[in-house]
Amino acid sequence: EAGVTQSPTHLIKTRGQQATLRCSPISGHTSVYWYQQALGLGLQFLLWYDEGEERNRGNFPPRFSGRQFPNYSSELNVNALELEDSALYLCASSLGGQSQDIQYFGAGTRLSVL
Amino acid sequence: SQQGEEDPQALSIQEGENATMNCSYKTSINNLQWYRQNSGRGLVHLILIRSNEREKHSGRLRVTLDTSKKSSSLLITASRAADTASYFCATDAASSGYSTLTFGKGTMLLVSP
């Protein structure tokens, strides 16, 4: 069974550009989560989608947005990129949105903003 | 702000030794989970302990939870070089009803042959 897949693996952008990151959850999982892991800051929760709806949002500006498609895959968009957006972006999926549901992570997309 | 804080930030041991990592958190939780991350890649789930459990085992892993002290520990026994990784604790907020996890900054474990 395929795990959580993320694309692209690496993404290089310049300041002011937009970045789109993609995530395919494990088959049967309806919840998708996005995290940002910047150097020295640990994992910061970004967004949670379940059944196509945004359920929760972390403390990030509105230029971080996303969506979940009918097939439960998800997209994270970052507009007006800033240098400090450079980070590893991790996507996770879980069976549902309960706190005891284990989150399974993808390998991440490393975004570099120049 | 981080809910979980791991301690120590870094740990270096020899193969065969035990490694103990600690995690402290601030608010009431439903569950506490431990994850491992190799070389800045994706996280791998290790173990989940519920707030009404005090200890849990999985292979060479032993996790304890003390809700009165809002702390947890992860013990890896008979460590191997392959255990070299960063280890994170993650908590949910009992009041939120959501599965959103808050991660600590992690403990970097180096196991030397």
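The values are calculated or read from the model by the stated rules, or taken from the named source; none is laboratory data. In this text the structure is predicted, and so the values were computed from the model without any measurement. Here the Cβ positions follow ideal geometry from the backbone for every residue, glycine too, while neighbour counts run over all protein chains shown. Calculation scope for accessible area: heavy atoms of the full protein, side chains included, ligands and nucleic acids excluded. Shrake-Rupley method; radii C 1.70, N 1.55, O 1.52, S 1.80 Å.
Return the residues of region B:32-69 for which accessible area with all protein chains present is lower than in the chain on its own by 50 Å² or more; set the probe to 1.4 Å and exclude ligands, DNA and RNA. In region B:32-69, residues shielded by partner chains: B:41, B:43. Projected onto their three principal axes, the Cα atoms of the protein assembly as shown cover extents of 48, 37, 36 Å, largest first. Taking the Kirkwood radius as Rh and the Cα radius of gyration as Rg, region B:1-107 has a ratio of Rg/Rh equal to 0.95. A simple spin-label model places pseudo-atoms 7 Å from Cα toward Cβ; at residue B:78 and residue A:5 they are separated by 3.8 nm. What you get for the protein assembly as shown, charging only the Cβ of Lys and Arg (+1) and of Asp and Glu (-1), is a dipole of about 160 debye around the Cα centre.
Interface residues of region A:92-110, defined as a loss of at least 40 Å² in heavy-atom accessible area between the chain alone and the complex of all protein chains with a 1.4 Å probe, are A:99, A:100, A:102, A:103, A:105, A:107.
Heavy atoms of chains B and A lose about 1900 Å² of accessible surface on contact, summed over both sides with a 1.4 Å probe.
For region B:5-112, the relative contact order comes to 38 percent (Cα pairs under 8 Å, sequence separation of at least 6). Quick one: Cα centre-to-centre distance for region B:48-80 and region A:94-114, in angstrom? Result: 23 Å between the Cα centres.
Spin-label model, residue B:44/residue A:65: points 7 Å from Cα along the beta carbon direction are separated by 3.8 nm. Working from Cα pairs under 8 Å separated by at least six residues, relative contact order for chain A is 37 percent. Expressed as a whole percent, the accessible surface of the protein assembly as shown that belongs to carbon and sulfur atoms is 48, based on a 1.4 Å probe. Per residue of B:102-113, other chain Cβ atoms within 10 Å of the residue Cβ number 2 on average. Available extension along the chain between residue B:112 and residue B:67 is 12.9 nm, counting 0.36 nm per residue and deducting the alpha carbon span. Listed by chain and number, the lysines whose alpha-carbon sits under 21 Å from that of residue B:70, ignoring those within fewer than 8 places in the same chain, are B:26, B:56, B:105. The residues of the protein assembly as shown have, on average, 46 Å² of accessible surface per residue, using a 1.4 Å probe with all protein chains present.
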